[in-house]
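This report refers to the structure that appears directly beneath it.
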Amino acid sequence: MKEVYRKIEKEYEMTRDSERDALEERKAEIYEKIPQIKKIDELIVNLALSGSKEQIKAPSSESLLKINQDLYELREEKLKILQKYGYSKDYLDIRYKCLECRDTGYLENGQKCDCMKVKLSKELYEMSNISYILGKENFDTFDLGIFSREVKESEGISPRENMELILKAVRKFIYGFNEKNDMNLLFYGPTGQGKTFLLNCIAKELIDKNFGVIYQTAFNLLDVMEDRKFRRSEITQAKYDLLFSCDLLAIDDLGIELVNSFSASEIFNVVNTRILRGKKTLISTNLSPDELSRTYTNRVFSRVYQRFVPLKFFGDDLRLKIN
Ligand SMILES: [Zn+2]
């Protein structure tokens, strides 16, 4: 984990370096085009310097006020000139990629900035090898043509029509991802209906939009939880924390075999906490909502379940078609 942090901090450092270089270039350009601004900058430096010397020798709030006033006026004059020449007001400011943390990764209160969390989850993602899968399973490779157009009597629509409805809900989920709308998705239905594929499509789409996404099978999720419980280390703790703090948690393959009191309460604790924090979760399972509620017979489940849009998958087993 330490290497991960070092790598990320190095990235921030390089970002800040290149921002400083870019600023120096803009400054040089302006000094050449508008020498007046160079003069003002020199005045500002001298004034600030003599001002602080004076404050050391004979501190006085009156003279401090006067100097600050002068500095303010000089800066205002500079901005006016910049704009007169057609430059934006912030042309001579550092251009941070993230204004929240000024590309340090940390907020003033010492907490990790959201942009840092995104970087972290990307790194952890790479550890779990998901980027390889995402290259193959995304909306570009999603083929509606593999779903049958034959109406399934018990459902009243065809798998193809059903998938179109699901895609509609998925798009709504992605476009409204930043809204605090309590919209979480529950994919249910037998294996081989494209649930995992769609989960990966959503993950890819949101990762590309720079959201922090964690994809885990329910089985791995429990591994992370047990690891953290029994082999406490920096990396297990960081992985565990990310389950709560990432923008999207995609839990794949929540099945009957994982239902014992430990796993059930642990998983729903994560999902419930995320809901309370306004964070979104995707779940795919081969259990029906009925089976789920029977299995997880507690108040937490019904409260959690109300915040999910259940989407039913049905049709032929697609694995036979794809391969
Ligand atoms: Zn930031």
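The values are calculated or read from the model by the stated rules, or taken from the named source; none is laboratory data. Please read these numbers as outputs of a predicted model, since none were measured by experiment. All Cβ positions, even for glycine, are placed from backbone atoms using ideal geometry, and neighbour counts span all protein chains on display. In case anyone asks, the SASA skips ligands and DNA or RNA and just uses the protein heavy atoms, side chains included. Shrake-Rupley method; radii C 1.70, N 1.55, O 1.52, S 1.80 Å.
Within the accessible area of the stretch 26-130, what % is carbon and sulfur when the probe is 1.4 Å and the other protein chains stay in place? Using a 1.4 Å probe with all protein chains present, the stretch 26-130 comes out at 53 percent carbon and sulfur.
An oblate overall shape is assigned to the stretch 178-243, the ratio a/c of its alpha-carbon gyration tensor axes (a ≥ b ≥ c) being 1.5 or greater and a/b not exceeding b/c. Candidates Val270, Leu71, Pro310 compared by Cα position along the dipole of the chain: farthest toward the positive end lies Leu71, with charges placed on Cβ.
Helix hunt in the chain: which complete DSSP H runs extend at least 30 Å axially by C-alpha with mean Kyte-Doolittle at least -1.0? The answer, listed by residue number, is 35-57, 61-84. Taking every protein chain into account, the accessible area of the stretch 22-97 amounts to 74 square angstrom per residue (probe 1.4 Å).
Candidates Leu248, Tyr215, Met225 compared by Cα position along the dipole of the stretch 210-258: farthest toward the positive end lies Met225, with charges placed on Cβ.
Rounded to the nearest whole angstrom, the semi-axes of the ellipsoid equivalent to the stretch 2-84, taken from the Cα gyration tensor as √(5λ), stand at 32, 23, 10, largest first. Which shape class, rounded, prolate or oblate, goes with the stretch 111-233 when its Cα gyration tensor gives a ≥ b ≥ c as root eigenvalues, a/c under 1.5 marks rounded, and past that a/b bigger than b/c marks prolate? Here the stretch 111-233 falls in the prolate category.
Distance from the C-alpha centroid of the stretch 157-228 to that of the stretch 13-57: 50 Å, rounded to the whole angstrom. In this structure the amide hydrogen of Thr217, modeled in the peptide plane, comes within under 5 Å of the amide hydrogens of Asp252, none closer than 5 places in sequence on its chain. For Lys152, the residues whose amide H sits under 5 Å from its own are Ile157, Ser158, ignoring neighbours fewer than 5 places away on the same chain, with H placed 1.01 Å from N. Charge dipole of the chain (Cα centre as origin; +1 on each Lys and Arg Cβ, -1 on each Asp and Glu Cβ, all else neutral): 500 debye, rounded to the nearest 20. In this simple spin-label approximation, Ala28 and Ser52 carry label points 7 Å from Cα along the Cα→Cβ vector, and these lie 2.6 nm apart.
Using Cα springs under 10 Å in a Gaussian network model of the chain, which residue among Asp103, Asp223, Asp17 shows the largest mean-square fluctuation? In the Gaussian network model the winner is Asp17.
In this structure, the pairs whose alpha-carbon distance is over 29 Å, taken from Lys136/Lys239; Lys10/Lys84; Lys195/Lys280, are Lys10/Lys84.
Panel note: the C-alpha atoms of the stretch 128-322, placed on their principal axes, show extents of 51, 37, 33 Å (largest first).
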